[in-house]
Amino acid sequence: MNQKKWLMLTLSAGIAISTTACGSSTDKGSTATTASVAPSAAAPAASSGPKPELKALQIWMKDDYNTYPVAKLIEEKTGYKTTYDMLPADKANDKLNLLIASAEPYDSITIGGDKALYADYAKKGALVDLGPLIDKYGPNIKAAISQESFDSVKVDGKIYAIPFRGVEFASTSFMVRVDWLDKLGMKMPTTVDEFTAMLKAFKDKDPGGNGDKNVPLAIKGDAPLMDNLVGAFGMTSGWNALNGKLVPRALDPGFKDYLTYVTDLYKQGLLDKEFAVNKDATMKEKFTNGKAGVIMLNWADIPTIGDALNKNFPNAKFAYLPILKGKDGKAGINMNSGFDRITFIPKASKHPEDAIKWMNAKLEKETFKEIAIGKEGKHYTFKDGLYSPIMPVFTDERNQANNYLTGVDEKNYSIYWQARVQKDARLFEGYSYLNKTTPAEVRVRDPLGLAPTLPTYSKENNQLNQMVNDYAVKIIVGGESIANYDAFATKYKAAGAEASSKEINDWYTTLKK
């Protein structure tokens, strides 16, 4: 019997046991497979006696959940002592599948924003329907989390999870050596043509003094579709609106034009000849060692990159490029949208009512704020509408606070959250440039970020993206000809893109009714 079939049988057995038994053991560390199920609307309220100890499974983090300061705060504020376990950093889903299948009695399980995985558990009957519990015990949950977010995590019309809606922001764009531009007397490019001219000047005039090791533009091999630049070709997000439908980049009319342009950069020596084998660290090293003039960089990496660059070149200056305009004025940068975390209660939970009460208590407004960013005057200051961290105590006691959140105050979290990006002035400057200085009209929200669970798309998306990336790299380095694009498109559609497109657009059309 193969592992998948074994897992399915084990999962079915675990569910059968959990729905027929009524175990109530509270022995610490018990691995019993008995569980309570969600009460009906007429079910009696949970006992008002001593609160049970809860057992929570979290995503991986570098610190111990049980000793990090936020754990004690949550216990004090909610009255629930909670024992935390965490999933491994690698192959977390494999471990989670085994725990779900063996009906490990966790009262709360938090994963990343993988709606497909969560929905699969829900469809197999492994999770508690949270709707009745939220109605009865979750007024703070209902006040904090929007209907839009709840609708996005519904499975067959029911809510099986508490969504943690992430802050929407643009994260990655071109970082350029401004001192190279200054040396050449050039201004920041604002169009694709000016971008090309800048790269040519970096190659021909070699402001870094690198000779034949000069690299105008360095990217990594697993990201040939460059944020910012793809927007100039009308493909800001992975799927984009076109003629009333959402179309994946690989089938967008701009895809061939984009590949033709980047292939030309490669042929001219403006794009790193080694880009196809570059890892993230390799790309960054070429920038900090002074070999590359432009790289793709997430604003979260700015302090690390800045320290390394300025150690080697004390007078070096760098900044994000503006959002480039292509022909017909097309421009855009993708805004992350969707869920950072999803929290659910497995059927094996011994205390589903108390788990919801615990989550509800964490979302009381002032409690949530203290969990997320601490106390004013100790962890942060508040001035002119801006929350600023007090270092180093903020990092020591709140840097990992987001890992304890089970749902967020959606109206205020994005405001509180900005304290996190002010831990370093350079990081905040980069974040602010992409998300405040950059005009709102070119900051494009991912249209699928808050889409409902889409089984076919979720199943096929990763391998389709890999297929597109592999094809793009081959085209750019000359391994394939863009003249044969139609054959690739046919193969891409058959591999799942056509089925995903139907599923996505069946949903998308409902938004316009």
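The values are calculated or read from the model by the stated rules, or taken from the named source; none is laboratory data. Just so it is clear, the model here is predicted, and its values are computed rather than measured. No Cβ is skipped: glycine too gets one built from the backbone with ideal geometry, and neighbour counts run over all protein chains shown. Keep in mind that these areas ignore ligands, DNA and RNA; they rest on the heavy atoms of the full protein, side chains included. Shrake-Rupley method; radii C 1.70, N 1.55, O 1.52, S 1.80 Å.
Working note: Karplus 6.51/-1.76/1.60 with θ = phi - 60° gives segment 426-438 the couplings 5, 4, 5, 5, x, 4, 5, 4, 6, 10, 10, 5, 4 Hz, where Gly and Pro are set to x. When the helices of the chain are scored as -39500 (n - 2.57) per DSSP H run of n ≥ 4 and the total is divided over every residue, the value at 222 nm lands at -12000 deg cm²/dmol. Using all pairs of distinct alpha-carbon atoms, the Kirkwood hydrodynamic radius of segment 211-280 works out to 13.1 angstrom. Restricted to Cα atoms, segment 394-474 shows a radius of gyration and a Dmax of 17.7, 47 angstrom. Remark: accessible surface ordering of T456, T343 (largest first) is T456, T343, probe radius 1.4 Å. One decimal place: the segment N312-D114 gains 67.2 nm when fully extended, by the rule 0.36 nm per residue minus the C-alpha distance.
An ellipsoid equivalent to segment 265-394, defined through the eigenvalues of its Cα gyration tensor, has semi-axes of 42, 23, 18 Å when rounded to whole angstrom and sorted largest first.
Could you do me a favour and compute the accessible area per residue for segment 448-496, 1.4 Å probe, result in Å²?
Solvent-accessible surface per residue comes out at 50 Å².
Beta bridges assigned by DSSP with both partners in segment 199-337 are antiparallel in approximately 50 percent of cases. In 10 Å bins starting at 0, how do the alpha-carbon pair distances of the chain split up by percent? In whole percents, the pair-distance histogram is 4, 17, 25, 24, 19, 9, 3, 0. The accessible surface of segment 383-490, taken with every protein chain in place and a 1.4 Å probe, is 49 percent carbon and sulfur. Accessible surface of L363, taken over heavy atoms with a 1.4 Å probe and every protein chain present, rounds to 10 Å². For segment 107-119, putting each phi into the Karplus relation 6.51 cos²θ - 1.76 cosθ + 1.60 with θ = phi - 60° gives couplings of 8, 7, 10, 10, 10, x, x, 7, 5, 5, 5, 4, 5 Hz, in residue order, rounded to whole numbers and with x for Gly and Pro. Computed over protein heavy atoms with a 1.4 angstrom probe, the accessible surface ordering of E76, E104, E364, largest first, is E76, E364, E104.
Taking a 29 Å limit on the Cα-Cα distance, which of the listed pairs K81/K378; K77/K383; K115/K284; K220/K411; K91/K279; K154/K378 fall beyond it?
Numbers: K81/K378 25 Å; K77/K383 26 Å; K115/K284 32 Å; K220/K411 37 Å; K91/K279 21 Å; K154/K378 39 Å.
Check vs 29 Å cut-off fails for K115/K284; K220/K411; K154/K378.
Once both labels are positioned 7 Å from their Cα atoms along Cα-to-Cβ, the gap between E75 and T190 label points is 5.8 nm. With a cut-off of 14 Å between beta carbons, the residues surrounding Q147 carry a summed charge of 0, where Lys and Arg count +1 and Asp and Glu -1.
For segment 302-367, the alpha carbon positions stretch 59, 42, 28 Å along the principal axes, listed from largest to smallest. The largest-to-smallest principal axis extents of the Cα set in segment 340-382 are 42, 21, 13 Å. Amide H contacts for K325 (H built 1.01 Å from N in the peptide plane; partners 5 or more residues away or on another chain; cut-off under 5 Å): T191, V192. For the pair segment 118-148 / segment 328-400, the C-alpha centres are spaced 19 Å from each other.
If you average 1/r over every pair of different alpha-carbon atoms in segment 88-209 and take one over that average, what Kirkwood value in Å do you get?
19.2
Of the beta bridges in the chain, as assigned by DSSP with both residues counted there, near 65 percent are antiparallel. Multiplying the residue separation of T490 and D90 by 0.36 nm and subtracting their alpha-carbon distance yields 140.5 nm. The mean accessible area for residues of segment 311-404, using a 1.4 Å probe and ignoring ligands and nucleic acids, is 42 Å² per residue.
Ligands, DNA and RNA excluded, the heavy atoms of E53 present near 70 Å² of accessible surface to a 1.4 Å solvent probe. Placing +1 on each Lys and Arg Cβ and -1 on each Asp and Glu Cβ, with no other charges, gives the chain a dipole about its Cα centre of roughly 200 debye. What segment 111-190 shows is 37 Å² of accessible area per residue, with the surface traced by a 1.4 Å probe over protein heavy atoms.
By a 1.4 Å probe calculation restricted to protein chains, D85 has an accessible surface near 60 Å², given to the nearest 10. Stretch L511-D470 to full length: gain in nm at 0.36 nm per residue minus the Cα-Cα span? Going from the current span to full extension adds 11.5 nm. The listed residues Y433, Y261 rank as Y433, Y261 when sorted by accessible area, largest first, using a 1.4 Å probe.
A simple rule links phi to the HN-Hα coupling: the Karplus curve 6.51 cos²θ - 1.76 cosθ + 1.60 with θ = phi - 60°, which for segment 492-501 gives 5, 4, 5, 6, x, 5, 5, 5, 5, 4 Hz, with x for Gly and Pro.
Rg to Rh for segment 87-145: what is it, with Cα atoms only and Rh by Kirkwood?
Rg/Rh for segment 87-145 comes to 1.01.
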